[in-house]
Amino acid sequence: MSTRKNIHTGAPWESIAGYCRAVRVGPHVAVSGTAPVGEDGEVVAPGDAYLQAKCCIEIIRKALRDAGAELKDVVRTRMFVTDISQWSAVAKAHSEAFGEAPPATTMVEVSQLIDPAMLVEIEADAIVEES
């Protein structure tokens, strides 16, 4: 039987919405939708989809490490953008992070995210290879 490990960041939304940043069960790690929010609780780089995507990926990287995984273990990402015309900026950040081991991915436009200053939210699934 696999053990479940919840990865919490302490963000106020975790207790409000009843979720955690990531969950690991066996070799599987699921990282929640990750928005570009800095440690100060403010949206990072308003108006800049590239920097926001980079921020999301860095938060994902930390959650993966806390779960015993790395970006190279990611097999699937989902990118939610509020303006699909900015897809190339988000794609550039994604490619820079995952270019060596590209995951399956999806990018879709959504009408809005929880804060109007957020342009992108990213979630990821990883499988950690057994050693």
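Derivation of every value follows stated rules applied to the coordinates shown; laboratory data play no part. Just so we're clear, the structure is a prediction, and the values are computed from it rather than from any experiment. With ideal geometry, Cβ positions are generated from the backbone for all residues, glycine too; neighbour counts draw on all protein chains shown.
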For the chain, what is the mean residue ellipticity at 222 nm derived from helices alone (per DSSP H run of n ≥ 4: -39500 (n - 2.57); sum divided by total residues; nearest 500 deg cm²/dmol)? -8500 deg cm²/dmol
At a 10 angstrom cut-off on C-beta neighbours, averaged per residue, how do the peptides 89-96, 120-127, 108-115 rank from highest to lowest? 120-127, 89-96, 108-115
On a 0 to 90 degree scale, rounded to 10, what angle separates helix 87-98 from the longest Cα axis of the chain? 30 degrees
Size of charge dipole - the chain - debye, nearest 20, with Cβ of Lys, Arg +1 and Asp, Glu -1, no other charges: 360 debye
Residue-wise HN-Hα coupling along segment 17-31, computed from phi with Karplus coefficients 6.51, -1.76, 1.60 (Hz; x: Gly, Pro): 9, x, 9, 9, 4, 8, 9, 10, 10, x, x, 8, 10, 10, 9
If each part is reduced to its alpha-carbon centroid, segment 88-116 and segment 33-77 end up apart, in Å, by 10 Å
Out of Ile57, Val110, Pro36, whose Cα points farthest toward the positive end of the dipole of segment 4-127 (charges: +1 Lys, Arg; -1 Asp, Glu; placed on Cβ)? Ile57
So how much slack lies between Ser95 and Lys72, counting 0.36 nm per residue of separation and subtracting their Cα-Cα distance, in nm? 7.1 nm
What's the angle, to the nearest 10 degrees (0 to 90), between helix 49-66's Cα axis and the longest principal axis of the chain? 10 degrees
